[in-house]
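See below for the structure under consideration.
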Amino acid sequence: MDVTVVDPQAASVAAAIQNILTVSKRGPRLCPVRDVLDRVGDKWSLLAILHLGSAEAVRFNELRKQIDGISQRMLTVTLRSLEADGLVTRTAYAEVPPRVEYRLTALGQSLLGAVIALGNWATAHAPAIAQARQAFAG
């Protein structure tokens, strides 16, 4: 009789991966992982989420100054996409000049933890990645 010893953590990881892959086999339009990664995996969304998560409310021009290299148009497009997904809320105040503030919603706040974890991972592993790239380039 063959006995296979399985690490419970590895089995848990394998089950989680299998669950995600099973969902993705339903097609790209029905895959929640692909859908979310398409949105937050673009060039600017994660930075916007991080900056919005660092304050109660952020005005448009303040956010634009904080995100180095983003154009006014691209910030507008990014914020509208995040708003459409329910991650960001936009509040316009009837003042002269008009004042618009952006905040993370509760859903956006729940995503912020994963974004911070990804950022911490990237920071911790950046030297190893740079070394691997250099070794690969030869």
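Here are the numbers:
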{"item": "Residues of the stretch 52-79 satisfying the condition of being under 14 Å from Arg103 (Cα atoms), free of Cβ contacts under 8 Å to residues at least 24 places away in the same chain and among the small types (Gly, Ala, Ser)", "result": "Ser54, Ala55"}
{"item": "Matching entry among Arg133, Arg99 (being more than 21 Å from Leu37 (Cβ to Cβ), surrounded by 11 or more Cβ atoms within 10 Å (Cβ to Cβ) and either free of Cβ contacts under 8 Å to residues at least 24 places away in the same chain or among the basic types (Lys, Arg) (or both))", "result": "Arg99"}
{"item": "Condition met for Ile49 (hydrophobic (A, V, I, L, M, F, W, C) and in contact (Cβ under 8 Å) with a residue 24 or more places away in the chain)", "result": "yes"}
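Bear in mind these aren't lab numbers, they're just calculated from the coordinates by the rules spelled out. Computed from a prediction, not measured in an experiment: that's the story for all the values here. All Cβ positions, glycine included, derive from the backbone under ideal geometry; neighbour counts span all protein chains shown.
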